[in-house]
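A short write-up of the structure that comes next.
Only the coordinates and a few stated rules stand behind these numbers; no lab work does. Note that the structure is a prediction, hence the values are computed from the model and not measured. Positions of Cβ are backbone-derived with ideal geometry, glycine not excepted, and every protein chain shown enters the neighbour counts.
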């Protein structure tokens with residue numbers, strides 16, 4: 001059963017938008033400044049199309065999924081996982097070559113929002129916390145702190161049509177004005193140059209900006225969340241809820257034993273491979289930690305009960321949520337957004353008999 005917060009809506013194709021603007025909509029939720037240093041977020045394959053009428057969203061750039069997306073007519077495909085984390089030659093018959101060939105022959109773009117999406121708990125990465133209604137969720141593993149500043153500039157002329165996009169630029173928190181011939185834009189300090197360049201381009205003139213400090217608290221991003229349930233929940237009841245949300249009910253249990261009637265009051269989780277954050281979850285008082293891909297030797301020393309639900313399930317729903325959010329984003333205009341389901345490469349089999 002699909003979580004209510006991630007149910008996909010229907011969007012009709014009525015027109016197209018500039019492809020670079022579609023990417024800006026993605027980066028407003030998953031700014032590249034938040035990506036890990038080892039990661040390869042952003043454009044994976046540079047297409048030849050200038051506009052985007054159809055945006056496909058998927059977890060992995062797997063050949064069959066990409067074939068479906070491109071057959072649908074996607075101009076831009078957004079995946080969570082990058083096509084590759086390191087440079088590679090197209091000299092072997094691999095999935096890497098197959099996907100590259102698919103895109104290069106059709107002129108479509110491939111874009112990945114990996115750790116840039118993971119570190120934004122207000123975005124799709126926080127979907128499970130919202131479904132479980134965690135109170136005051138806090139970031140499990142903080143990585144990035146963004147300070148906010150205000151850009152002030154003169155604008156006596158009528159605002160151009162593209163000024164309507166300014167509130168939707170990556171890292172922009174607020175746009176006010178014009179008042180007394182001045183505009184004020186509050187944005188993250190890391191996005192100042194990009195915002196200035198966009199405004200100058202939209203106004204088609206040299207713009208003189210004044211940088212002002214703000215009293216707003218910095219925003220912290222990072223991996224995973226930890227918070228309290230509204231009411232303690234029996235372990236067996238939590239498992240039933242997770243089965244309903246994830247569409248599966250067979251997982252690996254790691255660490256100290258939990259009886260089916262054990263009460264869970266505080267919960268931590270991290271989509272993807274979160275084994276390295278087990279100690280943080282324990283230190284922050286979690287009764288249980290939900291993640292995936294916990295390695296064997298790390299599991300031997302798990303400091304708290306850990307439910308390993310695999311890499312796939314939490315992130316598949318995360319990307320389904322992202323597809324819905326993009327489809328409902330007014331800045332996307334009439335672009336049609338569709339989620340393409342993937343499959344877990346790890347399959348559970350049962351011995352005969």
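Structural remarks
- Here the calculated FRET efficiency for residue 283 and residue 215, from their Cβ-Cβ distance with R0 = 35 Å, stands at 0.65, rounded to the nearest 0.05.
- Whether region 30-180 is rounded, prolate or oblate, judged on the alpha carbon gyration tensor where a/c under 1.5 counts as rounded: oblate
- Inter-part distance where region 88-139 and region 28-62 are each reduced to a Cα centre, Å: 7 Å
- FRET efficiency for the residue 180 to residue 143 pair, using the beta carbon distance and R₀ = 51 Å, is estimated at 0.80.
- Computed lengthening from residue 192 to residue 43, 0.36 nm per intervening residue step minus Cα-Cα distance: 51.5 nm
- Antiparallel bridge percentage (DSSP; both residues within the chain; nearest 5): 65 percent
- Extension gain, residue 91 to residue 351, is 89.7 nm, computed as 0.36 nm per intervening residue step minus the present C-alpha separation.
- Crossing angle, helix 311-328 versus the chain [Cα axis fit, 0-90 degrees, rounded to tens]: 30 degrees
- Relative to the longest principal axis of the Cα atoms of the chain, the long axis of helix 95-106 makes an angle of roughly 30 degrees.
- Largest GNM mean-square fluctuation across 193, 231, 325, computed for the chain with C-alpha springs under 10 Å, falls on 193.
- Working note: 222 nm ellipticity from helices only, DSSP H runs with n ≥ 4, each -39,500 (n - 2.57), summed and divided by the residues of the chain, gives -8000 deg cm²/dmol to the nearest 500.
- Rel. contact order, % - alpha carbon contacts under 8 angstrom, at least six apart, region 148-213: 47 percent
- Degrees between helix 235-246 axis and first principal axis of the chain (Cα, 0 to 90, nearest 10): 50 degrees
- Gap separating the Cα centres of region 209-229 and region 300-346, nearest whole Å: 23 Å
- Order of 338, 88 under a 10 Å beta carbon neighbour criterion, fewest first: 88, 338
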